[in-house]
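Everything below concerns the one structure shown next.
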Amino acid sequence: MKAIAIIPAYREEGRVGKVVAAVRGYLADVLVVDDGSPDGTGAEAARAGALVVRLEPNRGKGAALLAGLAEARRRGFDVAVTLDADGQHDAAAIPAMLETLARGADIVIGTRMKNLRRMPPQRIFSNTFTSAVISALGGRLVRDSQTGYRALRLAAVENLPLTRRGFDLESEILIRAGRAGAKIVHVPVPTIYGDEKSKINVLADTYRFFRVVFADLADRLER
């Protein structure tokens with residue numbers, strides 16, 4: 001497998017360089033999609049050894065992720081490991097995720113749900129709820145739908161009818177891929193929370209999640 005790490009980033013100066021350096025200990029190729037950051041996010045990522053693609057203006061995490069996947073395909077990669085730029089994902093899990101992918105999985109989710117002591121209670125509740133809904137809609141068990149730490153076969157996602165451009169894209173990918181027959185497997189990863197400020201807007205992103213759900217239900221009814 002020819003694999004690349006994709007890191008969507010917005011205003012992560014001071015963090016993204018460390019993330020890139022950690023990932024490059026396991027994968028030589030790292031792509032950072034700078035989603036219109038007004039700070040030095042892109043420059044810091046480049047100094048750490050990442051290929052940087054910049055979007056302008058800020059378009060949302062989903063749009064940045066799709067841009068990264070498209071660039072990976074254009075460069076001839078067939079596997080992508082997606083991580084957040086804030087340091088919440090332990091790069092040491094990358095080999096296990098890629099090994100699981102090599103054994104036949106289409107999507108590998110780095111699940112934190114076996115290590116909940118450091119996860120805030122409200123995140124445990126929301127993650128459990130959304131994971132149950134996504135599992136039901138996609139027809140595949142999903143234990144940690146809110147993590148962006150995943151390994152993907154690009155062929156398993158490139159033809160999915162994806163319409164979302166915010167955080168809700170990650171839910172849409174799991175639903176659409178599950179419905180298309182993708183094999184979704186989980187690898188336990190550490191739960192890491194530091195002093196980083198979450199970019200999730202609880203009300204707005206809850207609304208977007210349910211919009212994905214209702215759009216999927218409407219699509220089923222039309223069929």
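The values are calculated or read from the model by the stated rules, or taken from the named source; none is laboratory data. This is a predicted model, so every value here is computed, not measured. Glycine also receives a Cβ, built like all others from the backbone with ideal geometry; neighbour counts cover every protein chain displayed.
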Residue 162: more than 20 Å from residue 211 (Cβ to Cβ) and not in a helix (DSSP H, G or I), yes or no?
no
Those residues of the stretch 34-58 which are out of contact with any strand residue (DSSP E or B) (no Cβ under 7 Å at 6 or more places or on another chain) and not small (Gly, Ala, Ser), in sequence order:
38, 39, 44, 47, 56, 57
What is the residue count in the stretch 143-159 for residues that are touching a helix residue (DSSP H, G or I) at 6+ places or on another chain (Cβ under 9 Å) and at pLDDT below 95?
7
